[in-house]
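Participant: Before I ask anything, let me first share the structure, which is written out below as structure tokens.
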Amino acid sequence: MKYTLVIFETDASRARIKADRDAYRKAYETWIGDMAAAGKLVGGDALDTGHQGPVTVRKTAEGVPTVTEGPVHGGEETLGGWFVLEVADRAEAIALACGFPTPEALELRPLLESA
């Protein structure tokens, strides 16, 4: 089964990473390499959170789009990226997430796999 590991950044996590960028980068790349070598990494991407903020598009009850600057949900956490992992079950997804080497908050969700 597949799980998404969604990464949320905060000002605090960005500050910690910035303080020792080389060490965190190495640990992050090692984790990615280990996941790929184990056949667990299906894919993923990082978002550019430093240069331009998000835009939210919502539709009214009449179907008219409304565009606003900013994330869908306000708050300190910013969506930073995601990975898709191939795992046996939820417990394995949690175990792999617990080994993620950087200080961001992580959210795990199973992917809906169509028949």
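The values are calculated or read from the model by the stated rules, or taken from the named source; none is laboratory data. Nothing here was measured: the structure is a model prediction, and the numbers come from that model. Every residue, glycine among them, receives a Cβ derived from its backbone with ideal geometry; neighbour counts consider all protein chains shown. Ligands, DNA and RNA are stripped out before the accessible areas are found, and what is left, the full protein with its side chains, is counted by its heavy atoms. Shrake-Rupley method; radii C 1.70, N 1.55, O 1.52, S 1.80 Å.
Participant: I'd like the GluC sites (Glu not before Pro) in the stretch 19-98 restricted to DSSP loop residues with at most 10 other Cβ atoms within 10 Å, sorted by number.
Facilitator: 62
Participant: Keeping all protein chains in place, calculate the accessible area per residue for the chain (probe 1.4 angstrom), answer in Å².
Facilitator: For the chain, the solvent-accessible area averages 68 Å² per residue.
Participant: Something else about it: Residue 1 versus residue 114, label points 7 Å from Cα toward the beta carbon: distance in nm?
Facilitator: My value for the distance between the label points is 2.0 nm.
Participant: Could you work out the relative contact order of the chain, using alpha carbon pairs under 8 angstrom and six or more residues apart, expressed as a whole percent?
Facilitator: RCO, the chain: 51 percent.
Participant: Shifting gears a bit: Given 5 Å bins starting at zero, what is the percent of C-alpha pairs of the chain in each, up to the one with the largest pair distance?
Facilitator: Spelled out bin by bin, the chain gives 2, 10, 17, 20, 16, 14, 10, 5, 3, 1, 0 percent.
Participant: Take the chain, connect every pair of alpha-carbon atoms lying under 10 Å apart with a spring to form a Gaussian network, then pick out the residue of 64, 84, 42 with the largest mean-square fluctuation.
Facilitator: 64
Participant: Rounded to whole Å, give me the distance from the Cα center of the stretch 63-99 to that of the stretch 16-62.
Facilitator: Cα centroid of the stretch 63-99 versus Cα centroid of the stretch 16-62: 10 Å apart.
Participant: Using the Cα atoms of the stretch 44-84, I'd like the radius of gyration and the largest Cα-Cα distance, Dmax, both in angstrom.
Facilitator: Rg and Dmax of the stretch 44-84, Cα atoms, are 12.7, 35 Å.
Participant: Place a point 7 Å from Cα of residue 76 in the direction of its Cβ. Which residues in the stretch 1-21 have their backbone N less than 20 Å from it?
Facilitator: Residues 6-20 fall inside that zone.
Participant: Next up: Using the Cα centre as the reference, give the magnitude of the dipole from point charges on the C-beta atoms of the chain (Lys, Arg: +1; Asp, Glu: -1; all else neutral), rounded to the nearest 20 debye.
Facilitator: About 40 debye.
Participant: Each residue of the stretch 17-23 in order: what ³J(HN,Hα) in whole Hz does its phi give by Karplus 6.51 cos²θ - 1.76 cosθ + 1.60, θ = phi - 60°, with x for Gly and Pro?
Facilitator: In residue order, the calculated couplings are 5, 4, 5, 9, 4, 5, 5 Hz.
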